[in-house]
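**Student:** Mind looking over this structure? Questions follow.
The values are calculated or read from the model by the stated rules, or taken from the named source; none is laboratory data. Every value quoted in this text rests on a predicted model; they were computed, and no experiment measured them. Please note: Cβ atoms are built from the backbone with ideal geometry, for glycine as well, and neighbour counts cover all protein chains shown. Just so you know, the surface numbers come from the protein's heavy atoms only, side chains and all, with ligands and any DNA or RNA stripped out. Shrake-Rupley method; radii C 1.70, N 1.55, O 1.52, S 1.80 Å.
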Amino acid sequence: MSSDRPQERLFRGDGGTYDDAVPLPVAPPWRRPRPDDDAQRRPYLIGEEQVEVVNAALRLRRPLLVTGAPGTGKSSLAHAIAAELGLGPVLVWPVNTRATLTDALYRYDAIGRLRERQEGTDDIGSFVRLGPLGTALATRHEGRPRLLLIDELDKSDLDLPNDLLFVLEEGEFTIPELARLPAQQAQIDVHVQGSQEKVRVRQGTVRCQDFPFVVITSNGEREFPPAFLRRCVRLELPEPDQQQLERIVRAHFSQDLPDLDAQWPRVERLVSSFITDRDARGLATDQLLHAVHLLHQGVHPEAAHLRKAVLRELRSGGAR
């Protein structure tokens, strides 16, 4: 992990092409494709108190509302829970200002169905696909409930949290296009998100066998309605201290960096410097991991221009 060796330039920026091009170095552990059955298994460490809150939400089968500063691992928590409990691939609903509840429940391709009817066939189920929330309600993974991540709900329209209440409480919703069908079409097979699987919808209503486990993240950009908050278990993720950050670095790099122990004093200094900058400038934990990876490859992340790029302040409206 020596940062004393000269930095090898991968891109030279002079318009030339070279026969002696430097081989691309290995990517960071979190930026490598993984086998499908291991895709969600990434190191994730939180404190005992936070673990207990997660377990309370699991026992109550209530949505877990996770808040905290950018980079504290809110979204990663959902993947860690799903991997540890065998809940299958996480179903993700990334929320933005244009998101609606219907987007999360299902999509109906009316134009495609009209075209098929003009050609003399009419299989309406082929033109309905459940969204992430609809799929979480309608499917299970090897007999276990699914896990749904509703990411950054605070970016939504003001009414969306209230719109979610009925579906999260009752575990069902109606697809009007299917509910209007005649009695002989009371059972329709429709597509789900993330696979070629189909599920059967009866009389236009999707109804869960098991309530899915729902993780909702928020950056704290606005308050949610009291009725919504009352139905959630709330978890505030604190920013990790020096000891926790060192554990996180070891968890991510111990297998990739055989000389990590030999270089640990340098990592400790980098972590200490990061904490000072984080408290003053709102840095995120993944920025520290980026800096450690660059240090391993002979790049000095403390250089002014790289510090500005890699350890960029987040509180001034930069990317989260």
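**Student:** Kindly indicate whether A179 is under 23 Å from the mean Cα position of the chain (by Cα), small (G, A, S) and open to solvent by 10 Å² or more (accessible area, probe 1.4 Å).
**Tutor:** On the way: under 23 Å from the mean Cα position of the chain (by Cα): no; small (G, A, S): yes; open to solvent by 10 Å² or more (accessible area, probe 1.4 Å): yes.
No, not satisfied.
**Student:** Consider A27 carefully, then state whether it is aliphatic (A, V, I, L, M), at pLDDT 80 or above, within 22 Å of the chain's Cα centre (by Cα) and part of a helix (DSSP H, G or I). Full working, then the answer.
**Tutor:** Numbers: aliphatic (A, V, I, L, M): yes; at pLDDT 80 or above: yes; within 22 Å of the chain's Cα centre (by Cα): yes; part of a helix (DSSP H, G or I): no.
Answer is no for this residue.
**Student:** Within region 221-239, take every residue that is hydrophobic (A, V, I, L, M, F, W, C), closer than 24 Å to F166 by Cα and in a strand (DSSP E or B) and give me the one that is most open to solvent (accessible area, probe 1.4 Å).
**Tutor:** Taking region 221-239 and keeping what is hydrophobic (A, V, I, L, M, F, W, C), we get 224, 227-229, 232-233, 235, 237.
Subsequent filtering for residues that are closer than 24 Å to F166 by Cα retains 224, 227-229, 232-233, 235.
Now restrict to residues that are in a strand (DSSP E or B): 233, 235.
On the way: V233: 25, L235: 7 Å².
Going through the qualifying residues, I end up with V233.
**Student:** Among the residues of region 77-90, what is the count of those that are touching a residue at least 24 places away in the same chain (Cβ under 8 Å) and either open to solvent by 60 Å² or more (accessible area, probe 1.4 Å) or over 9 Å from the mean Cα position of the chain (by Cα) (or both)? Full working, then the answer.
**Tutor:** So in region 77-90, the residues touching a residue at least 24 places away in the same chain (Cβ under 8 Å) come out as 77-83, 85-90.
Okay, now just the ones that are also either open to solvent by 60 Å² or more (accessible area, probe 1.4 Å) or over 9 Å from the mean Cα position of the chain (by Cα) (or both), so 80-83, 85-89.
Of the residues in region 77-90, 9 are touching a residue at least 24 places away in the same chain (Cβ under 8 Å) and either open to solvent by 60 Å² or more (accessible area, probe 1.4 Å) or over 9 Å from the mean Cα position of the chain (by Cα) (or both).
**Student:** Closer than 16 Å to S126 by Cβ and touching a residue at least 12 places away in the same chain (Cβ under 8 Å): does that describe Q196?
**Tutor:** Details: closer than 16 Å to S126 by Cβ: yes; touching a residue at least 12 places away in the same chain (Cβ under 8 Å): no.
Against the criterion (closer than 16 Å to S126 by Cβ and touching a residue at least 12 places away in the same chain (Cβ under 8 Å)), Q196 does not qualify.
Yes or no, residue by residue, for (1) at pLDDT 90 or above; (2) outside any strand (DSSP E or B); (3) more than 30 Å from L283 (Cα to Cα):
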{"site": "T72", "(1), (2), (3)": "no, yes, no"}
{"site": "G88", "(1), (2), (3)": "yes, yes, yes"}
{"site": "W93", "(1), (2), (3)": "yes, no, no"}
{"site": "R113", "(1), (2), (3)": "no, yes, yes"}
{"site": "G120", "(1), (2), (3)": "no, yes, yes"}
{"site": "T135", "(1), (2), (3)": "yes, yes, yes"}
{"site": "V167", "(1), (2), (3)": "yes, yes, yes"}
{"site": "E177", "(1), (2), (3)": "yes, yes, yes"}
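**Student:** Please tell me if E221 is modelled with pLDDT of 90 or more and within 20 Å of the chain's Cα centre (by Cα).
**Tutor:** Details: modelled with pLDDT of 90 or more: no; within 20 Å of the chain's Cα centre (by Cα): yes.
Taking the combined requirement at face value, the residue does not satisfy it.
**Student:** I'd like to know if region 290-300 contains one or more residues that are surrounded by fewer than 20 Cβ atoms within 10 Å (Cβ to Cβ), modelled with pLDDT of 75 or more and closer than 23 Å to P238 by Cβ.
**Tutor:** yes
**Student:** Take A251 and decide whether it is open to solvent by 30 Å² or more (accessible area, probe 1.4 Å), hydrophobic (A, V, I, L, M, F, W, C), at negative phi and in contact with a Pro (Cβ under 9 Å, 6 or more places away or on another chain).
**Tutor:** Working: open to solvent by 30 Å² or more (accessible area, probe 1.4 Å): yes; hydrophobic (A, V, I, L, M, F, W, C): yes; at negative phi: yes; in contact with a Pro (Cβ under 9 Å, 6 or more places away or on another chain): yes.
So A251 passes the test.
**Student:** If you don't mind, there's one more thing I want to ask. Counting just the residues of region 303-312 that are surrounded by fewer than 16 Cβ atoms within 10 Å (Cβ to Cβ) and in contact (Cβ under 8 Å) with a residue 12 or more places away in the chain, which one comes out farthest from D256 (Cα to Cα)?
**Tutor:** Step one: of region 303-312, the residues surrounded by fewer than 16 Cβ atoms within 10 Å (Cβ to Cβ) are 303-309, 312.
Then keep just the ones that are in contact (Cβ under 8 Å) with a residue 12 or more places away in the chain; that gives 306, 312.
Working: L306: 23, R312: 26 Å.
Only one residue tops the list, namely R312.
**Student:** Only one residue in D189, D163, D256 is assigned to a strand (DSSP E or B), acidic (D, E) and touching a helix residue (DSSP H, G or I) at 6+ places or on another chain (Cβ under 8 Å). Which one? I'd like the intermediate steps shown before the answer.
**Tutor:** Working: D163 fails: assigned to a strand (DSSP E or B); D256 fails: assigned to a strand (DSSP E or B).
It is D189.
**Student:** Name the residue, out of V128, V95, that is under 23 Å from A186 (Cα atoms), touching a residue at least 12 places away in the same chain (Cβ under 8 Å) and buried (at least 19 other Cβ atoms within 10 Å of the Cβ). Walk me through how you get there before you give the answer.
**Tutor:** On the way: V95 fails: under 23 Å from A186 (Cα atoms).
The match here is V128.
**Student:** Is it the case that some residue within region 196-216 is part of a helix (DSSP H, G or I) and either open to solvent by 40 Å² or more (accessible area, probe 1.4 Å) or closer than 23 Å to N55 by Cα (or both)? Write out each step before concluding.
**Tutor:** Step one: of region 196-216, the residues part of a helix (DSSP H, G or I) are none.
For region 196-216, residues part of a helix (DSSP H, G or I) and either open to solvent by 40 Å² or more (accessible area, probe 1.4 Å) or closer than 23 Å to N55 by Cα (or both): absent.
**Student:** Also, quick follow-up: Look at region 177-205 and say how many of its residues are under 17 Å from D109 (Cα atoms) and either touching a His at 6+ places or on another chain (Cβ under 7 Å) or among the small types (G, A, S) (or both).
**Tutor:** 3
**Student:** Further question on the same structure: For region 98-109, indicate whether the set of residues that are under 17 Å from the mean Cα position of the chain (by Cα) and hydrophobic (A, V, I, L, M, F, W, C) is non-empty.
**Tutor:** Going through region 98-109, the residues under 17 Å from the mean Cα position of the chain (by Cα) turn out to be 99, 104.
Still in the running and hydrophobic (A, V, I, L, M, F, W, C): 99, 104.
Yes, there is a match, as at least one residue in region 98-109 is under 17 Å from the mean Cα position of the chain (by Cα) and hydrophobic (A, V, I, L, M, F, W, C).
**Student:** Has region 140-150 got at least one residue that is open to solvent by 30 Å² or more (accessible area, probe 1.4 Å) and either among the aromatic types (F, W, Y) or part of a helix (DSSP H, G or I) (or both)?
**Tutor:** To start, the set of residues in region 140-150 that are open to solvent by 30 Å² or more (accessible area, probe 1.4 Å) comprises 140-144.
Going one step further and asking which of them are either among the aromatic types (F, W, Y) or part of a helix (DSSP H, G or I) (or both), we end up with none.
No - not one qualifying residue is present in region 140-150.
**Student:** What number of residues in region 257-285 are farther than 20 Å from N219 by Cβ, modelled with pLDDT under 80 and surrounded by 15 or more Cβ atoms within 10 Å (Cβ to Cβ)?
**Tutor:** 3
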